[in-house]
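The values are calculated or read from the model by the stated rules, or taken from the named source; none is laboratory data. Just so we're clear, the structure is a prediction, and the values are computed from it rather than from any experiment. Here the Cβ is made from the backbone with ideal geometry for all residues, glycine too, and neighbour counts use every protein chain on show. Remember, those area values only see protein heavy atoms, side chains included, never the ligands or the DNA or RNA. Shrake-Rupley method; radii C 1.70, N 1.55, O 1.52, S 1.80 Å.
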Amino acid sequence: MKTTIQRRVRWFFFVWFIAALFQGLAAPLRAGAQFGGGQIVFDPSVYARQLAQLQQETAAVQNLASQLQYMIKNTTGGGAGVWQSNQNLLANLGGLISEQQGLSYTFQGLSQQFQQLYPGYQVISTPGAQSPQVMTTTTLNTLNGALASAQAQAQNFTAEQATLQQLELKNQTAIGNLQAIQVSNELALAQVQQIQMLRQLVMAQMNSQNVSAANQVNAQVQSNLAAQAVFSQQYPGDSFNPTNNAPAPSQH
């Protein structure tokens, strides 16, 4: 498309130049003074002036052609299309925690599952409550899944470098303003993707920390409840406060 436009422009200016040339040559010559008998004296200055005028017109056409070439370059696209969506990658990174049988932020029923795994002091009365072994296993699986997610991001560095190299090549070979602007837009989109990847890492870290902290709290609760059960068997009729592992004073 670009080559066709250039050919048409060059052909137009060529025809225009030839027409201007013939017009200048066909202009009536003022030959100069005539001396008796109708003899015409040749005046070279007439041709010199016409040649100067023709040179000026030629320079004007060349200048216009150069401006047109710049316009063609600055309006030629082709620097876009390197950026590609990383939505599937982000979804896979979040799904790695679930694949490791951990409690992932991508799970639809996350809140309900979290309450079921780590019910706190309602562990005895909560239907379907999980055993301490199950809670510990889930916590370890969650931590393992977070590590797998970080590893998958690290393995994607090679693909990211290849994309950046393509953008650098397009930046070096941009032939006009439009291509340079398109490359800048592609780089901006790549920066947004990097921010998304950082957000995913933060979410995976928060996921792991919350599950680990919940497991520790729930383990402490299990210990307090077990101590309360032992105390109740040894001292029937006395109450026990599991928050401080100390018996409450009896009311007699």
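The numbered conditions (1) modelled with pLDDT of 65 or more; (2) exposed (fewer than 13 other Cβ atoms within 10 Å of the Cβ); (3) farther than 30 Å from Q205 by Cα are all true for P28 except (1).
Within the option set A150, A227, A213, being at pLDDT below 90, open to solvent by 30 Å² or more (accessible area, probe 1.4 Å) and over 30 Å from N74 (Cβ atoms) holds for one residue only, A227. I181 passes every criterion in (1) in contact (Cβ under 8 Å) with a residue 12 or more places away in the chain; (2) open to solvent by less than 80 Å² (accessible area, probe 1.4 Å) apart from (2). Residues that are out of contact with any Lys or Arg (no Cβ under 7 Å at 6 or more places or on another chain) and outside any helix (DSSP H, G or I) were ranked within segment 49-79; the one that is farthest from N171 (Cα to Cα) is T75.
State yes or no: is E160 over 30 Å from G102 (Cβ atoms) and free of Cβ contacts under 8 Å to residues at least 60 places away in the same chain? Outline the logic, then answer.
Working: over 30 Å from G102 (Cβ atoms): no; free of Cβ contacts under 8 Å to residues at least 60 places away in the same chain: yes.
Considered against the rule, which asks whether it is over 30 Å from G102 (Cβ atoms) and free of Cβ contacts under 8 Å to residues at least 60 places away in the same chain, E160 comes out as no.
Figure legend. Inter-residue proximity from segment 53-82: first residues within 14 Å of L178 (Cβ to Cβ), second residues open to solvent by 50 Å² or more (accessible area, probe 1.4 Å) and in a loop (DSSP other than H, G, I, E, B), beta-carbon distance below 8 Å, spacing 6+ or different chains. Indicated pairs: K73/I175; T76/I175.
Which ones in segment 81-133 are among the hydrophobic types (A, V, I, L, M, F, W, C), under 25 Å from the mean Cα position of the chain (by Cα), at pLDDT 85 or above and open to solvent by 20 Å² or more (accessible area, probe 1.4 Å)?
Initial filter on segment 81-133 (among the hydrophobic types (A, V, I, L, M, F, W, C)): 82-83, 89-91, 93, 96-97, 103, 107, 110, 114, 117, 123-124, 129.
Add one more test, that the residue is under 25 Å from the mean Cα position of the chain (by Cα), and what stays is 82-83, 89-91, 93, 96-97.
In the following step, the residues that additionally are at pLDDT 85 or above were identified as 89-91, 93, 96-97.
Passing the criteria: L89, L90, A91, L96.
Which one is farthest from Q100 (Cα to Cα), of the residues in segment 184-210 that are within 17 Å of the chain's Cα centre (by Cα) and open to solvent by less than 40 Å² (accessible area, probe 1.4 Å)? Step by step, filter segment 184-210, then rank; the result is E186. Among what's in segment 55-70 and is among the aliphatic types (A, V, I, L, M) and surrounded by 11 or more Cβ atoms within 10 Å (Cβ to Cβ), pick the residue that is nearest to T142 (Cα to Cα). The qualifying residue nearest to T142 (Cα to Cα) is L68.
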